[in-house]
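Structure record follows, encoded as structure tokens.
The values are calculated or read from the model by the stated rules, or taken from the named source; none is laboratory data. All figures in this text were calculated on a predicted structure; none of them were measured in a lab. Reconstructed Cβ throughout: ideal geometry from the backbone, glycine too, with neighbour counts over all protein chains shown. Accessible surface areas use protein heavy atoms only, side chains included; no ligands, DNA or RNA. Shrake-Rupley method; radii C 1.70, N 1.55, O 1.52, S 1.80 Å.
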Amino acid sequence: MKKIFLSIVLALVLVSSFGFAATKYEVPVKLEKFGEPGKESMGNPSLRPTAEVTEKDGKYSYKIFAKKMEFMNMEGELVKLFIYEGDKDSNRVETKQSPITGEYNKTHEFERTNPKEDKILVAVWVDAMDAIAGGGPGSGEQKAYLVFDWKNAKATEIKEAKAEKAPTSSEIKIVVSGKEIKPETPAYIENGRTMVPLRFISEAL
């Protein structure tokens, strides 16, 4: 007796429901004086000792946490942070600031394409420094380096959900004995099941 095989072939390959798309690092960080290697900047006490860095699609997203600090008998706050593309003569961009609750009341975020940089040149605006300089905002600007200790970084993978696309009726093929057949009433998906006309299948068999 000749065996007849009936197969419903979906012309769509579903993507995996989950995939590891990014890596998140907790990286020790400090603020170092510009031109004085190894010497801590006066703004360093305002930084959380670790930064969050997320690596995804060849880009590195940095998140620096800051709090208010005591500065020469005054309360100082990091009000602006600028990130240089390269050296002091290169272009610079201001970080994106967001308020948060807790000991550290603000985050500064920026993005880089260079992998795991040990040093990034920045310009720091602290309101107390501006007051001492006697000018307006930014008059007490100081250059410094954000120094990252990647050797002691801790990495975790981020599992991200990916959308799963359901096949449509036009993506369903009915194959009987190796030949594709097309019913007058197209097959369709209902509640996760593929529905096909029974009489049409019976006649084809």
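Quick rundown of the values:
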item	result
Largest to smallest accessible area among Arg193, Arg48, Arg112 [probe 1.4 Å]	Arg193, Arg48, Arg112
Heavy atoms of Glu75: accessible area, 1.4 Å probe, square angstrom to 10	120 Å²
Of all accessible heavy-atom area on region 18-123, the percent that carbon and sulfur account for (1.4 Å)	48 percent
Mean Cβ neighbour count within 10 Å, used as a protection proxy, ranking 34-44, 76-86, 91-101 highest first	76-86, 34-44, 91-101
